[in-house]
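Enquirer: Below you'll find the structure I mean.
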Amino acid sequence: TLKCDFEYKNRLIRMTVNDNNEYFKFETPLLKVLKPTHITTNKKKNIEKKYIILEINENYNINNELDEFIILINKLHEISQENVKKNSISWFNTEFDEYGLDSKVKRPIDKQKDKQFIKILIPNDNKELNNKIEQLEKDTYISASIFYKGLKVSNDYLMGEYELLNLITQEEKENEYFMDNNSYNDSYNEEDLIGISSNDDIILYLSNKNIL
């Protein structure tokens, strides 16, 4: 279960998982970068936030990792909705019905045209991570370490906010598998590699070998 605490000053319903008030952390599957840096600005409060936008591409679902990721995001959303419903009178002086709850608490996975995506907050105080993001190109695949902060409160709606801890590119991930003390020598041989000529071939090969 998630513990919740409404931080009025920060306009955040903070969600934590234990008595130490730690955030819920997890890894994403490989997701495509739609936009390495998206900047939003609150001119009244002179606040600028940076996000990385990642595509939820259901055609790129290795070992069903994407399915598990979507289930997890949806479950966190449902738990957050339940907390809002339970505390709506004390927090907002309003009682939400199911329809009002769905319209008030937005899902973090958004959709525009034929693309589903999620925005992940980039911390300003992590220079190494920011430098790494600056080197990313659009359409690169990455796996991200993220944590769920809770629900960000705006004038019109509430929305789950996730923050980036670290990331690894598809290329780096593949190199880890191939160069980790030759630990996969027994899993493939030269004959197996005939016909492998692209990153997608490599991913498919590793998936079939149950290495990914």
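The values are calculated or read from the model by the stated rules, or taken from the named source; none is laboratory data. The shown structure was predicted, so the numbers you read here are calculated from the model rather than taken from an experiment. All Cβ positions, glycine included, derive from the backbone under ideal geometry; neighbour counts span all protein chains shown. Surface accessibility is based on the protein's heavy atoms, side chains included, excluding ligands, DNA and RNA. Shrake-Rupley method; radii C 1.70, N 1.55, O 1.52, S 1.80 Å.
Enquirer: Pairs under 6 Å by beta carbon, first residue assigned to a helix (DSSP H, G or I) in the range 100-112, partner among the charged types (D, E, K, R) and open to solvent by 70 Å² or more (accessible area, probe 1.4 Å), six or more apart or different chains?
Expert: Here the result reads Leu101/Lys85, each pair linking the range 100-112 to a residue that is among the charged types (D, E, K, R) and open to solvent by 70 Å² or more (accessible area, probe 1.4 Å).
Enquirer: While we're looking at this one, here's another question. Can you pull out every residue in the range 1-50 that is under 21 Å from Ser154 (Cβ atoms) and open to solvent by less than 20 Å² (accessible area, probe 1.4 Å)?
Expert: Matches in the range 1-50: Leu12, Ile13, Met15.
Enquirer: Now a separate question. Name every residue in the range 148-159 that is touching a Phe, Trp or Tyr at 6+ places or on another chain (Cβ under 7 Å) and open to solvent by less than 20 Å² (accessible area, probe 1.4 Å), in order of residue number.
Expert: Tyr148
Enquirer: Considering (1) assigned to a strand (DSSP E or B); (2) more than 21 Å from the chain's Cα centre (by Cα); (3) hydroxyl-bearing (Ser, Thr, Tyr), say which one Thr37 fails and leave the rest.
Expert: (2)
Enquirer: Pairs needed: first member in the range 4-27, in contact (Cβ under 8 Å) with a residue 60 or more places away in the chain; second member anywhere, open to solvent by 60 Å² or more (accessible area, probe 1.4 Å) and aliphatic (A, V, I, L, M); C-beta distance under 8 Å; at least 6 residues apart or different chains.
Expert: The qualifying pairs are Lys25/Leu165.
Enquirer: All but one of (1) over 16 Å from Thr140 (Cα atoms); (2) in contact (Cβ under 8 Å) with a residue 60 or more places away in the chain hold for Leu66; which doesn't?
Expert: Among (1) over 16 Å from Thr140 (Cα atoms); (2) in contact (Cβ under 8 Å) with a residue 60 or more places away in the chain, the lone unmet condition for Leu66 is (2).
Enquirer: Quick check on Ile133: is it hydrophobic (A, V, I, L, M, F, W, C) and open to solvent by 20 Å² or more (accessible area, probe 1.4 Å)?
Expert: Criteria not met by Ile133.
Enquirer: Only one of these conditions is not met by Lys113: (1) open to solvent by 60 Å² or more (accessible area, probe 1.4 Å); (2) at negative phi; (3) modelled with pLDDT under 95; (4) of a type outside the set (Ser, Thr, Tyr). Which number is it?
Expert: Going through the list (1) open to solvent by 60 Å² or more (accessible area, probe 1.4 Å); (2) at negative phi; (3) modelled with pLDDT under 95; (4) of a type outside the set (Ser, Thr, Tyr), Lys113 breaks only (2).
Enquirer: Scan the range 63-105 residue by residue and report those that are among the aromatic types (Phe, Trp, Tyr) and loosely packed, with under 11 Cβ neighbours inside 10 Å.
Expert: Once the filter is applied, which keeps residues that are among the aromatic types (Phe, Trp, Tyr) and loosely packed, with under 11 Cβ neighbours inside 10 Å, the range 63-105 yields only Tyr99.
Enquirer: Follow-up question, since we're still on this one. Out of all the residues in the range 43-68, which are touching a strand residue (DSSP E or B) at 6+ places or on another chain (Cβ under 8 Å) and within 19 Å of Lys149 (Cβ to Cβ)?
Expert: Hits for the range 43-68 are Ile47, Glu48, Lys49, Lys50, Tyr51, Ile52, Ile53, Leu54.
Enquirer: When the residues of the range 160-180 are narrowed to those that are aliphatic (A, V, I, L, M) and in a strand (DSSP E or B), which ends up most open to solvent (accessible area, probe 1.4 Å)?
Expert: The residue in question is Leu165.
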